[in-house]
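One structure is given below, encoded as structure tokens.
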Amino acid sequence: MTATPAPTTYTLEALLAVHGAAIGSFGYLVLQHQTDAERILASTLATALGRANLSPDPETARAQLLAIATREILRGSTQTGEIAPLLPDPRSSVDRMPILEALAELDPRSRMAIVLHYFLDLPPGAVATVLDDDGFALRSDLNNARNRLQSRVEESLAAHSSPGEPFDARLRRALVEESTRFQPLLDAQELRMPAPRDDRVRRAAQRWWPLAVIAVLAAGVAAFLWLIPESGPTAGRQAAATQSVGSSSGTPAGPITLADCQITPAASPLAFAGWTTLAALSVHGGDAGPGQPIYAVVTRGMAEWVGWQEHYTGPMFPPPIGRMGCIFDPSRRKTSLVGVDLDWEPSLMADGCPPSPIDEFGGHREFGGPHAWLLLPDDISAWQVGENKILFRLSSPAAPGQSITAWTQPLADAGAIPAQVDSNTGELGPPDTSGSGSRYYFVTALFSSAGCWVINIAINGQVVGSAIAPITAAPLQALPRRQGSR
């Protein structure tokens, strides 16, 4: 009879010496932050020592530790630190930053799969085991993630000459180079291990029980106040990229601040703050309907979003950093986050408005889009207060049975004013001589005051054209025409 070998007894020092660098570097490459990687390493080793079921085989034990680390990363933590921005390094390869930036754009599971396979050299089957995934699905996901990385990197390096080296080799080299920036704590005395769970609960109870009654009372008051309707934005109650807003937390100059979308630093310099529409703002994302006036604040430089994604149970890794903005939709009393290109610049203002750009088509000056454009008369550059009969072009024309509606609205937190559109059987505009298949219609729009206004054209209730225009108390002289027309 063969005796059953005694289970291997691991110590913290032994695990750190054998697996500390690999587990810590794995966490660092996925999270790109030293403190977070140390936290993942500490909680992984604490969990493994608490279970006392690690395999005596070093390779199997490492796979078990990596599986624990992946769960710790996906679980997240409110103690996660701020991500350190990627900085150029003349000693590193030219594609280091593009690769790391592209890696940061992947979802956490894809990032972990890439690091496990291309840095730790685990075959796809072993990666699937660590991530507790189906082997065939993992191979497909890994291949897709790798292709997305390559496309993103090649796009970033389009202006540079091709490295002439296979992408997989460049990816491995960039990960190895970056892993050297992680400084593993191989001294058990320096590693901040989490306290045992029972001890944490006991100490927390001793520390916080005097506040329990206050917390219950506060929760009751908060629940009561939550049911009271409010009328302005607030920086609180934010649990996702789109937020409901209540009492105002904005400034006298505007209804919201960067804090309403959990953008930090909240006092970041602004490139734009004012009323506009989502289409005119020309940013990425945002939760507002076409042609709906919104108030927007856009950062001048880099900032960080410290909010939470709706489909994650923890904070994003790494937290998104870049130019960004916060918009407020007064029709729904909601704020939402928008992404902004690094070279983004606000539209030039005209009479205090961010007007839609004027172009030419078929001999007419027009603005709006994407499927309906308003035409400016030859002798003015803006409409005036009161009723105005406006010619607009629709491409493609409304089909039989479809209804065309229009409305005007001040570029502010104000209600819409219905406009009268001549029906298909009523007075139509001149025929389209450009051969584009467009059709012209008239709309009678009312502007009750001078200022910035939005004019919207819709088919069956869906906005197909929207434009921002300054409305004046008296007609203005027409702007000079551009040379040529499209």
Just the residues that are out of contact with any Phe, Trp or Tyr (no Cβ under 9 Å at 6 or more places or on another chain) and not polar (S, T, N, Q), please, taken from segment 253-271. Ala253, Leu258, Ala259, Pro265, Ala266, Ala267, Pro269, Leu270
Determine if segment 325-335 includes at least one residue that is at pLDDT below 90, under 17 Å from Val454 (Cα atoms) and open to solvent by less than 50 Å² (accessible area, probe 1.4 Å). no
List every residue pair whose Cβ atoms lie under 7 Å apart, where the two residues are 6 or more positions apart in sequence or sit on different chains, the first residue falls within segment 382-405 and is among the small types (Gly, Ala, Ser), and the second residue, located anywhere, is assigned to a strand (DSSP E or B) and at pLDDT 85 or above. Ala382/Ala469; Ala382/Pro470; Ala382/Ile471; Ala382/Thr472; Gly386/Phe447; Ala398/Ile404; Ala398/Ile459
How many of the residues in segment 121-175 are under 20 Å from Phe26 (Cα atoms), open to solvent by less than 40 Å² (accessible area, probe 1.4 Å) and touching a residue at least 60 places away in the same chain (Cβ under 8 Å)? 7
Segment 251-274: number of residues that are crowded, with 17+ Cβ neighbours inside 10 Å, out of contact with any Pro (no Cβ under 6 Å at 6 or more places or on another chain) and either farther than 17 Å from Cys353 by Cβ or modelled with pLDDT of 85 or more (or both): 10
Any residue in segment 392-411 that is assigned to a strand (DSSP E or B), at pLDDT below 90 and open to solvent by 20 Å² or more (accessible area, probe 1.4 Å)? no
Which one of the conditions (1) over 19 Å from Asp343 (Cα atoms); (2) modelled with pLDDT of 85 or more does Gly285 fail to meet, given that it meets all the rest? (1)
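Take the residues in segment 94-117 that are small (Gly, Ala, Ser) and open to solvent by less than 20 Å² (accessible area, probe 1.4 Å), then tell me which one is farthest from Gly24 (Cα to Cα). Let's see the steps before the verdict.
Pass one, segment 94-117, residues small (Gly, Ala, Ser): 102, 104, 110, 113.
Remaining after also requiring open to solvent by less than 20 Å² (accessible area, probe 1.4 Å): 102, 110, 113.
Values: Ala102: 21, Ser110: 18, Ala113: 16 Å.
Once the filter is applied, the top-ranked residue is Ala102.
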Of everything in segment 377-391 that's farther than 27 Å from Asn460 by Cβ and in a strand (DSSP E or B), which residue is most open to solvent (accessible area, probe 1.4 Å)? Gln384
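Just to be sure before I move on: is Ser77 outside any helix (DSSP H, G or I), at pLDDT 65 or above and either more than 25 Å from Leu138 (Cβ to Cβ) or out of contact with any Lys or Arg (no Cβ under 6 Å at 6 or more places or on another chain) (or both) in the structure I sent?
Values: outside any helix (DSSP H, G or I): yes; at pLDDT 65 or above: no; either more than 25 Å from Leu138 (Cβ to Cβ) or out of contact with any Lys or Arg (no Cβ under 6 Å at 6 or more places or on another chain) (or both): yes.
So Ser77 fails the test.
Is it true that some residue in segment 451-459 is assigned to a loop (DSSP other than H, G, I, E, B) and modelled with pLDDT under 90? Can you show your working first?
Pass one, segment 451-459, residues assigned to a loop (DSSP other than H, G, I, E, B): none.
Among the residues of segment 451-459, not one is assigned to a loop (DSSP other than H, G, I, E, B) and modelled with pLDDT under 90, which makes the answer no.
The values are calculated or read from the model by the stated rules, or taken from the named source; none is laboratory data. It should be emphasised that the depicted structure is a prediction, and the values quoted were computed from it without experimental measurement. Because the Cβ atoms are built from the backbone with ideal geometry, glycine has one as well, and the counts that use them run over all protein chains shown. These accessible areas exclude ligands, DNA and RNA; they are computed on the full protein's heavy atoms, side chains included. Shrake-Rupley method; radii C 1.70, N 1.55, O 1.52, S 1.80 Å.
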